[in-house]
Amino acid sequence: MARDREVPGDGTVVLGSSGPTGGGEVPVVRFTTGSQAGKTVRLENGTLTLGRGSENDLVVDDRGVSRLHLKLIVQGNRVHLYDQNSTNGTQVGARRVDQAVLEDGDLILVGTNVKMRFLLLAPEEKEIEQKLYEGAHQDALTNVANRRSWMQQAERALSLAAQRERPLSLAMCDLDHFKQVNDGHGHASGDAVLVEFCRRTRGLGREVLVGRLGGEEFAILLPGFEAERALARMQRLRSEVESPPFPIDSDKSLSITVSIGLVTVANAAGARLEDLLKRADSALYAAKQAGRNRVQVASPPARPVLEEETAGLKLRQKRRNTRTPCEGDIYLSWQGQDLVAEICDIGIGGLSVKLEQTLPAGEVVEVRSPFHQQSMVRAVIKWVHQGRMGLNFLDSPAELRNSWVNQVLKDLGLTAQTVRERRNHSRLPVQLPMTLQAPIGTYSATVINLGLGGVCARSALAPPVGLTGTLQMGDLKIHARVVWVNAPHYGLKFAPLGKAQTLYIEKVVGDA
C-alpha cells in the first residue's frame, strides 16, 4: 500500500510522492470489478467526472455509485481525485478520502462494489492494454460492442431501468439488400458500408448502446427513452442512413437504406431482454415485409385474458373433456395380462371401467378396443372405487387420442348425434347449495354435479324416490323429480328446460 505522506486538515490524503513522475508515462485507470471489469481508460489532461449518470465522462452503472460520484483533475501524469459528496464514499487504498493525489498502483474503491487501479503506463503498454480490451468487448470491424458485450451491457441497463421503473426502448436494425452489396461490389465494399453505418450511429447520443449482433444486423438500446422520443431518434437514423450515399471507394458511393424494428416499455420493471429482442425482431420483419427503409413499431404484447372472458372457453373445454356414458367391452394389458373390462364412460382425457378384480391406483395399462387391437393408448389408473377404475390417458398426441376415442365410440355403435346428446346431459363437478320444496317438506342439500338433464345432490336426509317438487339453486327454479337414492346421495331429473334455464346452467357450469 502507498505510504501516507501528508494528511492536511481539509481531508486531503496525499499518497506517495506528490511530484510528477517522469518518463512520459500515460495515466490510466483499469477497472478490476463491476460492469466494466478489464477496461482500461486513458486519463487526458483536464477534468473528468465519474458516476452513474449518463452525463459523466466515465459512466459506471452500479447501484452503489452516486449519480456524480467523483472528479479527476489530470495534469500530465499527476492526477487529483475529488469525491463529490457521494453517498457511499470513495476509498484510496484502505482510507476513505475526500481528496487525494494518486500514485502508480493505487487501488480505488468507488462506492461499495466498483474497484479500479490507477496506473502509469508506458505508451506502448497502454496501446497493448487497450487492444486487449477492445478485442474482448468490441466488434473488430466496426468498433461497436460485439454481441456478447452488448448483451451483457443491455442486461445491466435493463436491470437498472427496472429498479428505477423508467422507460426503455430497443431497436433491431438490418441494412437492406446488404447481400447485393457483397455480391455486386465485393466484401471490402460491404465492410466499408458496415463501418460507415456505425459511424452514423454515433449521433444517437452517448447514452445509447449500439452493438453488432452478426452480419448486417445491429441492436440499439435506448435507456430512458419513451416511445415518442425513441421513434424520433430512429427516424433520424433512418434518414441519415438513406442520405448521403455511403462512400465505398475514393470515387464510388452506394445508396443504402435500413429497416428498423422498435419496441418500448413505459416501465422496465418486469421486462425481459429476450422478450424485447423477439418483439423488436418481429417488428423488423414487418418493416421488411412492408417495403423496407422504414421504422416499424412493435405491436403491444397480447393483453391478458380477463376471467369473465374465459367462462365460455372453460365450458367448452369441460364439455370436450366430459366423458360420454357408454356400454361395452374394452381390453386392458397390464404386466403381461390381457384383461376384459366393461367400459362405463369415455372422453378425450380418459375413461372409467368396471373390472371384477380392480388394479392398484397408479399402475399404467395399455387400452385397446376389441375391434381394433392393433391401435392402443397408454393410461394411468387415477382412482379405484367399488369395482370401478378411472384412467387418464398418457403422453399420446391429442390427435391420436381423439381418433382413438372416436373409433371406440363408433365400435360401440354410438352415432355422433347420440354422443352429443349424452355429453350434453353428462354431469360436471360443482359445489352449490340447493333446496327441494315438496308437498311433504323442504330438503336442503349440496349439489355435487350438475348437467342439463339434472343434478346429483348430497344431504343428511335424502328424499324418497319419485318425490317431485321445485328445485331452487341460486337464481334457478325448476320442477324436478327424485329418480334414485343412495344415501347420502340422490339424483334429480329436471323437467324440460326453457332457454333461460339452459343458459343459467351453462353459466353455472362455466364458472365452476
- Message: Checking the structure you have, find out if any residue of the stretch 268-286 is of a type in the set (A, V, I, L, M, F, W, C) and under 22 Å from VAL193 (Cα atoms).
- Response: yes
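Yes or no, residue by residue, for (1) under 15 Å from ARG42 (Cα atoms); (2) open to solvent by less than 60 Å² (accessible area, probe 1.4 Å):
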position: GLN84; (1), (2): no, yes
position: VAL92; (1), (2): no, yes
position: ARG95; (1), (2): no, no
position: MET116; (1), (2): yes, yes
position: LEU119; (1), (2): yes, yes
- Which of the residues belonging to the stretch 427-466 are open to solvent by 20 Å² or more (accessible area, probe 1.4 Å), more than 51 Å from the chain's Cα centre (by Cα), within 22 Å of PRO496 (Cβ to Cβ) and not small (Gly, Ala, Ser)? GLN437, PRO439, VAL465
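Return the residue satisfying two criteria in turn: it lies in the stretch 488-505 and is modelled with pLDDT under 80 and either within 14 Å of VAL447 (Cα to Cα) or part of a loop (DSSP other than H, G, I, E, B) (or both), and of such residues it is nearest to the chain's Cα centre (by Cα).
ILE505
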- Query: Being open to solvent by 60 Å² or more (accessible area, probe 1.4 Å) and farther than 13 Å from PHE393 by Cα, is that true of even one residue in the stretch 362-370?
  - Reply: no
- Note on the structure: Taking the stretch 211-234 and keeping only residues that are within 14 Å of LEU158 (Cβ to Cβ) and assigned to a loop (DSSP other than H, G, I, E, B), one is left with GLY224, PHE225
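Yes/no matrix, rows are residues, columns are (1) over 27 Å from the mean Cα position of the chain (by Cα); (2) touching a residue at least 60 places away in the same chain (Cβ under 8 Å); (3) open to solvent by 40 Å² or more (accessible area, probe 1.4 Å); (4) closer than 25 Å to LEU160 by Cα:
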| residue | (1), (2), (3), (4) |
| --- | --- |
| GLU216 | no, no, yes, no |
| ASP249 | yes, yes, yes, no |
| ASP275 | no, no, yes, yes |
| ALA280 | no, yes, no, yes |
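Tell me which residues, restricted to the stretch 431-481, are free of Cβ contacts under 8 Å to residues at least 12 places away in the same chain and either among the acidic types (Asp, Glu) or on the phi > 0 side of the Ramachandran plot (or both). Show your work before the answer.
If we filter the stretch 431-481 for residues that are free of Cβ contacts under 8 Å to residues at least 12 places away in the same chain, which is where we start, we get 441-442, 477.
Listed by number, the list holds a single entry, GLY441.
The values are calculated or read from the model by the stated rules, or taken from the named source; none is laboratory data. Keep in mind that what you see is a predicted model, and the values were worked out from it rather than measured. Cβ sites come from the backbone with ideal geometry, for glycine too, and all protein chains shown count toward neighbours. Areas reflect the complete protein model, heavy atoms only, side chains present, ligands, DNA and RNA absent. Shrake-Rupley method; radii C 1.70, N 1.55, O 1.52, S 1.80 Å.
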